[in-house]
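To start, the structure itself, in structure tokens.
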Amino acid sequence: MQQSKKKNYFKGKTIFIISILVVTTTFLSVWLNGMSYNRGITTNLYLSLSIIGVILFLFMTYGLYTGAGLKDNFPKFRSYKKGEFFGYDTPGNFEMPTSSVGDGIAGVLISILLWILMTIAMILLLIILEALFWFTLFILILMLYWLFSRALKLVFSRSGKTVGNILLSMTYSITYTILYLGWIFVIAFLVDTF
């Protein structure tokens, strides 16, 4: 009686958190190390991407060789509807209000009152902008997670073919590593060239 092998699964949420930590640590360590060696920004970027590429290559090779899959365990955020947040148009020619309060003690008091009101308005505006910033950051992280999980699901969908075959696992890993990081190298090269 032959017992079937249980397939290993990497959890998407855990891999995403670990990858954010690895990318952040790599960029910070290369940047801090680059300051002492006076390396340029693009050189630091190339070095960071190379380190991340090696880590990604090794991780995908291990996953493909062992026949692992990717389990998406990130919560779903699909309860919103398109156009629900900002369903109104902003005016095209918005002008700031102006006021002339006059001279004298009344003008000084009205100016102080207007200054206090504008300070409160600016504080409220900054609070709203901060909330929008964090909301945007949250959406960007969700988008990156979705791209990351879809990319790794595509890679690990090949694990049935590559389980136990190190050469085929390495071939798939190097191909996907070049695809996933090559475009960033090309953009950095073009920016540095032009």
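Accessible surface of D103 in the full protein assembly, 1.4 angstrom probe, to the nearest 10 Å²?
150
Multiply the residue separation of M35 and F185 by 0.36 nm, subtract the distance between their alpha-carbon atoms, and state the gained length in nm to one decimal.
Numbers: separation 150, 0.36 × 150 = 54.00 nm, distance 2.12 nm.
Extending this stretch completely gives an extra 51.9 nm.
Accessible area of segment 121-194 with a 1.4 Å probe: how many percent of it is carbon plus sulfur? Intermediate results must be reported in sequence, preceding the final value.
Working: 4340 of 5280 Å².
In segment 121-194, the share of accessible area belonging to carbon and sulfur is 82 percent.
Could you rank S29, S36, S19 by how accessible they are, 1.4 Å probe, largest area first? Spell out each step's value before the answer.
Details: S29 60, S36 85, S19 25 Å².
Largest accessible area first, the residues go S36, S29, S19.
5 Å is the cut-off here: which amide hydrogens, built 1.01 Å from N in the peptide plane, fall below it relative to F10, excluding neighbours closer than 5 in sequence?
So F10 has HN proximity to G69, L70, K71.
For segment 112-123, take each phi angle, set θ = phi - 60°, evaluate the Karplus expression 6.51 cos²θ - 1.76 cosθ + 1.60, and give the result in whole Hz per residue in order, putting x for glycine and proline.
5, 4, 5, 4, 5, 5, 5, 5, 4, 4, 5, 4
The values are calculated or read from the model by the stated rules, or taken from the named source; none is laboratory data. Keep in mind the model is a prediction, meaning the values are calculated, not measured. What goes into the accessible areas is simple: the full protein's heavy atoms, side chains included, and nothing from ligands, DNA or RNA. Shrake-Rupley method; radii C 1.70, N 1.55, O 1.52, S 1.80 Å.
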